[in-house]
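**Q** Please see the structure below; I have some questions.
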Amino acid sequence: MSATAAGTSFGTYTTAKTVLPTGCLVALPANWFYVGRMIRYTVWGGIGTLVTTPGTITLQMNLGAVAAVSSGAVQLNATAHTNLPFRAECVATCRAVGASTSANLIGQWTLNGVMFTRTAAQVDNVNIGDSLLAPATAPAVGTGFDSTAAQTLDFFAGFSISNAANTIQIQQVLVEALN
């Protein structure tokens with residue numbers, strides 16, 4: 001799977017939704033996960049942000065409608081940006097398998113981009129060259145899902161503030177089964 005064209009630039013919304021380019025969903029067969037199976041999900045693209053109070057962005061590696069691994073709310077900095085480059089990588093390990101909501105993953109994110117910051121009201125010159133780990137909480141398993149059913153691997157994003165300046169556009173996608 002690869003992105004053969006740029007995705008849509010999404011803005012003016014808050015509820016997390018798929019932001020992948022057409023053709024980038026990955027179909028995983030039933031029972032694909034096993035305890036200890038690892039997956040790496042990496043996206044590259046551009047993020048635009050509102051000046052002064054852009055709020056936060058939440059990134060999710062979804063299995064269907066389930067946010068299996070979330071970055072949590074990541075603070076955006078107080079400098080306006082228009083579609084500046086970012087990279088988001090999620091590495092997740094299956095901790096449990098089963099039907100209904102029995103299966104789960106533990107995952108963590110590495111985020112690169114001048115728009116991400118550790119605290120509110122920071123500006124670019126504080127963040128240049130920075131890399132953030134997310135979520136900013138103790139590592140924990142994500143929302144449970146059904147590993148006995150086929151799943152669609154997806155990438156969602158949502159902003160805390162709906163504004164035309166808060167945008168995300170995915171340019172490249174890489175999904176790897178690590179074992």
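**Q** Rounded to whole Å and sorted largest first, list the principal axis extents of the Cα atoms in the chain.
**A** Largest first, the chain extends 46, 36, 26 Å along its Cα principal axes.
**Q** If you don't mind, there's one more thing I want to ask. Can you tell me which of Ala78, Ala16, Ala138 moves the most in a GNM of the chain? Springs connect C-alpha atoms under 10 Å apart.
**A** Evaluated over the chain, the most mobile residue of the options is Ala138.
**Q** Based on alpha-carbon atoms only, what is the radius of gyration of region 118-179 relative to the globular estimate 2.2 N^0.38 Å?
**A** Taking the Cα Rg and dividing by 2.2 N^0.38 Å, one obtains 1.56.
**Q** Then there is this: Ranking request for peptides 18-27, 56-65: highest mean number of other beta-carbon atoms within 10 Å first, then the rest in descending order.
**A** The most tightly packed comes first, giving 56-65, 18-27.
**Q** At Thr14 and Ser131, where each label point lies 7 Å from the Cα along Cα→Cβ, what is the point-to-point distance in nanometres?
**A** Inter-label distance under the simple model: 3.4 nm.
**Q** Can you give me the distance in nm between label points at Glu89 and Thr42, each placed 7 Å from the Cα along the Cα-to-Cβ direction?
**A** Placing both labels 7 Å beyond Cα along the Cβ direction yields 0.5 nm.
**Q** Rg/Rh for region 19-111: what does it come to with C-alpha atoms and Rh from Kirkwood?
**A** The Rg/Rh ratio comes out at 1.03.
**Q** Going 7 Å from the Cα of Ala6 along its beta-carbon direction, which residues of region 149-179 have the amide nitrogen within less than 17 Å of the resulting point?
**A** Counting only backbone N, you get 165-173.
**Q** Shifting gears a bit: Highest mean first, how do 66-73, 108-115 rank when packing is the count of other Cβ atoms within 10 Å averaged over residues?
**A** The densest-packed peptide leads the list: 66-73, 108-115.
**Q** Shifting gears a bit: Search the structure for amide H atoms under 5 Å from the amide H of Ala3, placed 1.01 Å from N in the peptide plane, and list their residues when 5 or more places away or on another chain.
**A** So Ala3 has HN proximity to Val173.
**Q** Residue by residue through region 168-179, which ³J(HN,Hα) values in whole Hz follow from phi under the Karplus form 6.51 cos²θ - 1.76 cosθ + 1.60 (θ = phi - 60°), with glycine and proline marked x?
**A** Along region 168-179, the couplings run 9, 9, 8, 10, 9, 9, 9, 10, 10, 8, 8, 7 Hz.
**Q** Counting only Cα atoms, I'd like the Rg/Rh figure for region 74-152, Kirkwood definition for Rh.
**A** 1.13
**Q** Next question, about the same structure. Mind checking which of Ala150, Ala80, Ala88 has the largest fluctuation in a GNM of the chain, springs on alpha carbons under 10 Å?
**A** It is Ala150.
**Q** Treat each spin label as a single point 7 Å out from the Cα along the C-beta direction, and report the Val35 to Ala150 distance in nm.
**A** According to this spin-label approximation, the distance is 2.8 nm.
**Q** Here's another thing I want to ask about it. Please work out the average accessible area per residue across region 1-96, using the 1.4 Å probe convention, and give it in Å².
**A** Per-residue value: 41 Å².
**Q** Round to a whole number: what % of the accessible area of region 40-179 belongs to carbon and sulfur, probe 1.4 Å?
**A** 56 percent
**Q** Taking amide H positions as placed in the peptide plane 1.01 Å from N, state which residues far from Thr167 in sequence (5 or more) or on other chains have amide H under 5 Å from it.
**A** Gly48, Thr49
The values are calculated or read from the model by the stated rules, or taken from the named source; none is laboratory data. All values reported here derive from a predicted model rather than from experimental measurement. Note that we place each Cβ from the backbone using ideal geometry, even for glycine, and neighbour counts take in every protein chain shown. Surface areas here come from the heavy atoms of the whole protein model, side chains and all, with no ligands, DNA or RNA. Shrake-Rupley method; radii C 1.70, N 1.55, O 1.52, S 1.80 Å.
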